[in-house]
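The values are calculated or read from the model by the stated rules, or taken from the named source; none is laboratory data. Computed from a predicted model, the values in this text were never measured in an experiment. Because the Cβ atoms are built from the backbone with ideal geometry, glycine has one as well, and the counts that use them run over all protein chains shown.
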Amino acid sequence: MKTAASESLGRPVLVQKYGGSSVATAEHIKNVARRVVARHREGKAVVVVVSAMGKTTDSLINLSREITFHPERREMDMLLHAGEIISTALVAMAVAAEGVPSVSFTGQQAGMLTDASHTQARILAVDGARVTEELRSGKVVVIAGFQGVTEQLEVTTLGRGGSDTSAVAIAVGIGAGECEILTDVDGDYTADPRVVEKPLKMPWCSYDEMLELAILGAKVLHSRSVEIARRFDVPILVATSFRDAPGTVICSPERARKEFGAMEEVSVRGIAHQKNVTKVSLVGVPDQPGTAAKIFAGIGKHEVNINLIVQAEHHGGKNDISFLVESSAFLRVSRFLDELVALVGGERAVVDENVATVSLVGEGVQREPGIAARMFTALAREGINIDLISTSNLMITCVIPKDRAEDAVRALHRELFEKGVVQEPRLD
């Protein structure tokens, strides 16, 4: 794919991101270096974005907890961004050892400018001038993912999985025509391969569908990376770093038609599930205009993301409002829950940590008759009770008991993929 950057450099520009499992050991790092050098020798200008080695981030978080359970978020950024810097330097050394000049950059050195939301920073801009200059000199550029810097030179991190977002943002910032996310799985599947025995690998998936899957629990891509890719129409290849195998291309349907030729558009693209969620119900909330606004403005000022919201009519002019948050964020919510109930004149808050979600995602879930019925029937057949239901034009999500989440995924996969999903006519 020709871009302004590739024409300026006289060769195609490729951004590759390697996840923590791909750089977990010295031998794995050497394998990454060999792959990078091979692409360089094919005539590509290669930029590599890396995560921290293996479980380094988890180890650093656990270490911080030996000091305090309530660290300042700024200090957590200072701690956690070190993991990526270590792997960046090691990968650059390994590439150089293979005979190709290389240079390592922190997020700041690579021009990654963010806002000041520590541990969950948003990217404001990427200045790719220095990266492009090094590519022009023939070097492989290795960049620490997951991190950036504010205008005040404060170090920030982008949240778990943020190296995906770094890679796509850098691809946009330097005008790369390709972005590859390389990890320990060889693509995106119709369900988690650790849960379903024979999931189907997707040859491609639309940006919108992948964004829903990522938000609803699919672990392959960071949702914000998909948002950026969709906004700037940067196709992403998801593949494995451990062998040569076809992956999954995330792109627009128009690009997929052009590059993949004739295809059938499936009604359901995949199944996602989440077990790290907590349900909070505010019971007996007055049914008055502005009540929901007060609740979620109060939550929003504490920088807590809401996964799902359902309002149910109670009785006597009162409603119950339920929402899901990530379990890791619930501690922050719990600190102001009583204050929130009092703010809106509710009766009480009820917390349920034994819940999970299971979701069907696809551009046909609302269009295709019978998909919802098949979903609910499959769950009922397994004796899985549905607590809440939420829908959009791309998904149907059910809140179910946490201990039945994997049973639900397997039941839905049997019903919708192993029996066969209704498909649209072939596109010519």
Filter region 221-240 for residues that are part of a loop (DSSP other than H, G, I, E, B) and buried (at least 23 other Cβ atoms within 10 Å of the Cβ); which is modelled with the highest pLDDT?
VAL234
Over region 126-140, the set of residues outside any helix (DSSP H, G or I) and of a type in the set (Asp, Glu) is ASP127
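For residues that are of a type outside the set (D, E, K, R) and at pLDDT 90 or above, scanning just region 206-220, find the one that is surrounded by the fewest Cβ atoms within 10 Å (Cβ to Cβ).
From region 206-220, those of a type outside the set (D, E, K, R) are 206-207, 210-211, 213-218, 220; that's our starting set.
From the residues that got through so far, the ones that are at pLDDT 90 or above too are 206-207, 210-211, 213-216.
Numbers: SER206: 22, TYR207: 22, MET210: 29, LEU211: 22, LEU213: 28, ALA214: 24, ILE215: 19, LEU216: 23.
Top of the filtered list is ILE215.
To keep it simple, each residue is scored yes or no on (1) out of contact with any Lys or Arg (no Cβ under 8 Å at 6 or more places or on another chain); (2) of a type in the set (Asp, Glu); (3) surrounded by fewer than 17 Cβ atoms within 10 Å (Cβ to Cβ); (4) in the same structural domain as ARG39 (by TED's automatic domain parsing).
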{"residue": "VAL126", "(1), (2), (3), (4)": "yes, no, no, yes"}
{"residue": "ALA129", "(1), (2), (3), (4)": "yes, no, yes, yes"}
{"residue": "PHE146", "(1), (2), (3), (4)": "yes, no, no, yes"}
{"residue": "LEU158", "(1), (2), (3), (4)": "no, no, no, yes"}
{"residue": "SER163", "(1), (2), (3), (4)": "no, no, no, yes"}
{"residue": "GLY177", "(1), (2), (3), (4)": "no, no, no, yes"}
{"residue": "ASP192", "(1), (2), (3), (4)": "no, yes, no, no"}
Any idea which residue in region 86-105 is surrounded by the fewest Cβ atoms within 10 Å (Cβ to Cβ), counting only those that are among the hydroxyl-bearing types (Ser, Thr, Tyr) and within 28 Å of the chain's Cα centre (by Cα)?
SER104
Filter region 265-288 for residues that are in a strand (DSSP E or B), of a type in the set (S, T, N, Q) and over 30 Å from GLY364 (Cα atoms) and give the result.
SER281
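Taking the criterion of being modelled with pLDDT under 90 and not acidic (Asp, Glu), would at least one residue in region 144-156 satisfy it? Walk me through how you get there before you give the answer.
Just the residues of region 144-156 that are modelled with pLDDT under 90, to begin with: none.
No, because not a single residue in region 144-156 is modelled with pLDDT under 90 and not acidic (Asp, Glu).
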Is there a residue being polar (S, T, N, Q) and within 16 Å of ARG224 (Cα to Cα) anywhere in region 127-134?
no
Selection from region 58-85 of residues that are hydrophobic (A, V, I, L, M, F, W, C), surrounded by 15 or more Cβ atoms within 10 Å (Cβ to Cβ) and either more than 18 Å from GLN147 (Cα to Cα) or in contact with a helix residue (DSSP H, G or I) (Cβ under 7 Å, 6 or more places away or on another chain) (or both)
LEU60, MET76, LEU79, LEU80
Looking at GLY43, GLY54, can you tell me which residue is loosely packed, with under 15 Cβ neighbours inside 10 Å and either under 26 Å from ASP184 (Cα atoms) or not aliphatic (A, V, I, L, M) (or both)?
GLY43
Being more than 18 Å from ARG39 (Cβ to Cβ), within 18 Å of the chain's Cα centre (by Cα) and small (Gly, Ala, Ser) is the filter here, so list the residues in region 163-206 that pass it.
SER163, SER166, ALA169, GLY187, ALA191, SER206
Of everything in region 299-323, what is surrounded by fewer than 17 Cβ atoms within 10 Å (Cβ to Cβ) and within 27 Å of THR119 (Cβ to Cβ)? Give them in sequence order.
GLY300, LYS301, HIS302, GLU303, ASN305, ILE306, ILE309
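Pull up region 289-319, narrow it to residues that are in a loop (DSSP other than H, G, I, E, B) and touching a Leu at 6+ places or on another chain (Cβ under 8 Å), then point me to the one that is nearest to VAL355 (Cα to Cα).
To start, the set of residues in region 289-319 that are in a loop (DSSP other than H, G, I, E, B) comprises 289-290, 301-307, 314-317.
Subsequent filtering for residues that are touching a Leu at 6+ places or on another chain (Cβ under 8 Å) retains 306-307.
Numbers: ILE306: 15, ASN307: 13 Å.
Among them, the one singled out is ASN307.
Which members of region 312-330 meet the condition of being over 16 Å from GLY298 (Cβ atoms) and of a type outside the set (Ser, Thr, Tyr)?
Step one: list which residues in region 312-330 are over 16 Å from GLY298 (Cβ atoms), which gives 312-320, 324, 326-328.
Hits for region 312-330 are ALA312, GLU313, HIS314, HIS315, GLY316, GLY317, LYS318, ASN319, ASP320, LEU324, GLU326.
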Residue under question is ALA245, and the condition is that it be among the hydrophobic types (A, V, I, L, M, F, W, C), part of a loop (DSSP other than H, G, I, E, B) and on the phi < 0 side of the Ramachandran plot; does it hold?
yes
